[in-house]
Amino acid sequence: MSPTPQSRETSLYHLLLRVMFRVPPERIHHLAFAAMRLVTRFSPLRQLVGKVLVVDDPVLRNTVFGLDFPAPLGLAAGFDKDATGVDAWGPLGFGFAEVGTVTAQAQPGNPSPRLFRLPADRALINRMGFNNHGAGNAANHLRQRRAGVPIGANIGKTKIVDAADAPADYTASAQLLGPLADFMVVNVSSPNTPGLRDLQAVESLRPLLRAVLDCVTVPVLVKIAPDLSDDDVDAVADLALELGLAGIVATNTTIRRDGLNTPDDAVAAIGAGGLSGPPVAERSLEVLRRLHARVGDRLVLISVGGIETVDQAWDRILAGASLVQGYTGFIYGGPFWARRIHKGLARKVREAGYSSVADAVGAGAVR
């Protein structure tokens, strides 16, 4: 049997991955990202890339919090920290992208090395620490973007800002980015900024979210950690409903290290950081199901965490996700990854007898 085009794409990328994995993770990230921006910068090449990678299928289109999404899989925050690639993600096959995390003040992040691969788990550990050039810089990039897929701005707390001053710090970013982004995500769930996750407590989160809501007109969502207790997940969901948020992004990376294939001593040598990829998939799905049971269709749920395959993306949609996101899956899956996911989802929609992916959202949830 001759290999299929998909299997050839996968095999070639696996060979390329072996070469790339000889280069330190953060350096190869910058090189690969520069190449992506280059091939999508000029119109003829951008159109050619789009013809190859974009799945333009009407069953994939969905209107979510008033925005038109051409396809449900987006790029998660963390890859395009400064919004320098906003014009690349549509041609590369994504239905939307979330840029950032952006902070009000520029900051270098944590010392290197701060990004690590766990190939045995197809996972990553990062302790980047919100390294970015600040909200003003990201705003300049967003101001110059072409029309394309929806872009969300993910905002976080500047490290040197005290927790008591967090609302003002988030507001400073929101005021700059809100008029330029299509939606905004308030990130209170990265494990790499000291004290940040404490802001997920409802008494801290309420004034912060109110401050952001008061200064922007675009939809506002909050991003939560997979390590929240079930009771805390419920409390955040109730708060989101109380304040009139557009939705919740679930989930960020985890600080847990159980069940890994990577040897314990190798994991210990890496040290602190957020774990992403397949090891977080089970809990991410659990949180999604709990959120949907709590809020139904009153909030938009965006599911992220460990999505690698078409079946996993489809399970998230059936469990209540209107949109899904990936980062680590893209790293390990390669440039055709979004295309494979979208072609598979279109097939799933039709096989299940739905007229669009929107009809499948929450269809598999326990009622």
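The values are calculated or read from the model by the stated rules, or taken from the named source; none is laboratory data. Fair warning: this is a prediction, and the values are worked out from it, not measured in the lab. Cβ: placed from backbone, ideal geometry, glycine included. Neighbour counts: every protein chain shown. Ligands, DNA and RNA are excluded from the accessible area calculation, which covers all protein heavy atoms including side chains. Shrake-Rupley method; radii C 1.70, N 1.55, O 1.52, S 1.80 Å.
Grab the beta carbon distance between H14 and D297, set R0 = 35 Å, and tell me the FRET efficiency rounded to 0.05.
For R0 = 35 Å, the calculated efficiency reads 0.30.
How do F21, F130 rank by accessible surface area computed with a 1.4 Å probe, from largest to smallest?
F21, F130
Could you order S355, S11 by accessible surface area, starting with the largest, using a probe radius of 1.4 Å?
Result, largest first: S355, S11.
Evaluate E = 1/(1 + (r/R0)^6) for I160 and L45, where r is the Cβ-Cβ distance and R0 equals 56 Å; express this FRET efficiency to the nearest 0.05.
Computed FRET efficiency for I160 and L45 comes out at 0.85.
For V300, enumerate residues with amide H under 5 Å from its amide H, sequence gap 5+ or separate chain, H modeled in the peptide plane.
Answer set, sorted by chain and number: G247, I248.
Report, in deg cm²/dmol and to the nearest 500, the calculated mean residue ellipticity at 222 nm for the chain, where each DSSP H run with n ≥ 4 adds -39500 (n - 2.57) and the sum is divided by the residue count. Write out the running numbers ahead of the final one.
On the way: 13 runs with 147 residues, N = 367.
It comes out at -12000 deg cm²/dmol, rounded to the nearest 500.
Answer with one residue from A237, M20, A168: the one whose Cα lies farthest towards the positive end of the charge dipole of the chain, charges on Cβ with Lys, Arg +1 and Asp, Glu -1.
Towards the positive end, the residue furthest out is M20.
Once phi is turned into θ = phi - 60°, what whole-Hz ³J(HN,Hα) does the Karplus curve with 6.51, -1.76 and 1.60 give for every residue of segment 181-191, x standing for Gly and Pro?
Once rounded to whole Hz, the list reads 9, 8, 7, 10, 10, 8, 9, 10, 10, 6, x.
Quickly work out the D198-to-A272 label distance, labels modelled 7 Å from Cα along the C-beta direction, and quote it in nm with one decimal.
So the label points at A272 and D198 sit 1.3 nm apart.
Hey, what do the phi angles of segment 285-291 turn into as Karplus ³J(HN,Hα) couplings, whole Hz, using 6.51/-1.76/1.60 and θ = phi - 60°, x for Gly and Pro?
Whole-Hz 3J(HN,Hα) from phi for segment 285-291: 5, 4, 5, 4, 4, 5, 4.
Relative contact order of the chain, please, whole-number percent, based on alpha carbon pairs below 8 angstrom and at least 6 residues apart.
Working: 751 pairs, mean separation 62.3, N = 367.
Reported relative contact order: 17 percent.
Could you name the lysines in cross-link range of K223, using Cα to Cα under 21 Å and dropping any fewer than eight places away on the same chain?
Candidates past the 8-residue exclusion: K81, K157, K159.
Over segment 92-183, calculate the relative contact order: mean separation of alpha carbon pairs under 8 Å at least 6 apart, over the residue count, as a percent.
Relative CO of segment 92-183 lands at 38 percent.
Residue by residue through segment 138-146, which ³J(HN,Hα) values in whole Hz follow from phi under the Karplus form 6.51 cos²θ - 1.76 cosθ + 1.60 (θ = phi - 60°), with glycine and proline marked x?
4, 4, 4, 5, 5, 5, 9, 6, 7
Taking amide H positions as placed in the peptide plane 1.01 Å from N, state which residues far from V218 in sequence (5 or more) or on other chains have amide H under 5 Å from it.
Residues meeting the amide H criterion: none.
Sort L75, L180 by accessible area with a 1.4 Å probe, largest first.
Solvent-accessible surface, decreasing: L180, L75.
Given a Förster distance of 45 Å, report the FRET efficiency between Y354 and E282 from their Cβ-Cβ distance, rounded to the nearest 0.05.
The computed FRET efficiency comes out at 0.95.
How long are the semi-axes of the ellipsoid equivalent to segment 238-284, from square roots of 5 times the Cα gyration tensor eigenvalues, in whole Å, largest first?
Listed largest to smallest, the semi-axes of segment 238-284 are 31, 11, 7 Å.
Carbon and sulfur atoms: what percent of the 1.4 Å accessible area of segment 192-258 do they account for?
Answer for segment 192-258: carbon and sulfur cover 47 percent of the accessible area.
Bin by bin, in steps of 10 Å, what percent of the Cα pairs in the chain do you find, going until the bin that has the longest distance?
Spelled out per bin, shortest first, that is 5, 26, 37, 26, 6, 0, 0.
Counting only residues 5 or more places away or on other chains, whose amide H sits under 5 Å from the amide H of A225 once H atoms are built in the peptide plane?
Under 5 Å from the amide H of A225: N252.
In Å², and per residue, what accessible area does the chain have when probed at 1.4 Å with the other protein chains present?
The answer is 42 Å² per residue.
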